[in-house]
Amino acid sequence: TDALFSTGDPSAIDNAFRKATDRLKRSVEPVLIIEDAGDFLDACQNNGASHFVNLINAAVCEGRLQVILETSDKDAAKVLSWHSDLREAYTILDVTEPTGENLTLIVEATAQKLQDFHKVKIDADAVASAVELTQKYRGAGSSAAQPKRSIELLDQAMASYRLAAHKIPPQACILKKK
């Protein structure tokens, strides 16, 4: 949503949307995932792009596209009231956040990918702390569901660590040691 609507220019927004839908049309079994449907619908309305919803719904109803609309409980009524076809064209699934050992396993698996990307080892205690902190301070920072909150926290910590570690260029470190 942010990338699509970031320019604020209706022509650029429409072009970006058309490019995305053209890519989906070339896919064998296209699936569009809209992570925060409430924000997407608000952005469509605020940027004169309400026709996006009609285009997406038409593609869903015609069987040309599958769409997953993610929304919070508090935004669900707003999302469902946005278009008369939403309740008929979509199946509503209440997905609960993983907790306990399941949450930790998911975050540990993703931590492996973060380690590879950031080239920094993530200790099991760091994973446990990220899970504990994002469970305890749920409202602070990200409003996303678990495991995304824990993963975002680890990713931000790794990015901050890498930035701090590279403040002094490697050559300067070598010269400093001499």
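The values are calculated or read from the model by the stated rules, or taken from the named source; none is laboratory data. No experiment lies behind these values; they were computed from the predicted model shown. Backbone-built Cβ (ideal geometry, glycine too); neighbour counts: all protein chains shown. Surface accessibility is based on the protein's heavy atoms, side chains included, excluding ligands, DNA and RNA. Shrake-Rupley method; radii C 1.70, N 1.55, O 1.52, S 1.80 Å.
Brief remarks follow.
- Condition check for Asn102: closer than 30 Å to Cys44 by Cβ and polar (S, T, N, Q): no
- Positions within the stretch 1-15 being assigned to a helix (DSSP H, G or I) and either open to solvent by 60 Å² or more (accessible area, probe 1.4 Å) or hydroxyl-bearing (Ser, Thr, Tyr) (or both), in sequence order: Asp2, Ala3, Pro10, Ser11, Asn15
- Taking the stretch 143-177 as the range and being charged (D, E, K, R) and modelled with pLDDT of 80 or more as the test, the residues that pass are Lys148, Arg149, Glu152, Asp155, Arg162.
- Inclusion of Arg64 among residues that are modelled with pLDDT of 90 or more, closer than 24 Å to Ala12 by Cβ and either open to solvent by 100 Å² or more (accessible area, probe 1.4 Å) or in contact with a Pro (Cβ under 8 Å, 6 or more places away or on another chain) (or both) is not warranted.
- Looking only at residues of the stretch 91-149 that are open to solvent by 40 Å² or more (accessible area, probe 1.4 Å), of a type in the set (S, T, N, Q) and part of a loop (DSSP other than H, G, I, E, B), we find that the one that is nearest to Asp75 (Cα to Cα) is Ser143.
Results for (1) open to solvent by 40 Å² or more (accessible area, probe 1.4 Å); (2) under 21 Å from the mean Cα position of the chain (by Cα); (3) under 22 Å from Trp82 (Cα atoms); (4) touching a residue at least 40 places away in the same chain (Cβ under 8 Å), shown as yes or no for each residue.
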| site | (1), (2), (3), (4) |
| --- | --- |
| Lys19 | yes, yes, no, no |
| Leu24 | no, yes, no, yes |
| Glu35 | yes, yes, yes, no |
| Ala43 | no, yes, yes, yes |
| Gly48 | yes, no, yes, no |
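- Inspection of the stretch 71-90 identifies at least one residue that is modelled with pLDDT under 85, among the small types (Gly, Ala, Ser), part of a loop (DSSP other than H, G, I, E, B) and open to solvent by 70 Å² or more (accessible area, probe 1.4 Å).
- Filter result (part of a loop (DSSP other than H, G, I, E, B) and on the phi < 0 side of the Ramachandran plot) within the stretch 16-54: Arg26, Ser27, Val28, Glu29, Pro30, Glu35, Asp36, Asn47, Ala49, Ser50
- Any hit, the stretch 158-174, residues being out of contact with any His (no Cβ under 6 Å at 6 or more places or on another chain), of a type in the set (A, V, I, L, M, F, W, C) and within 27 Å of Ala37 (Cα to Cα): no
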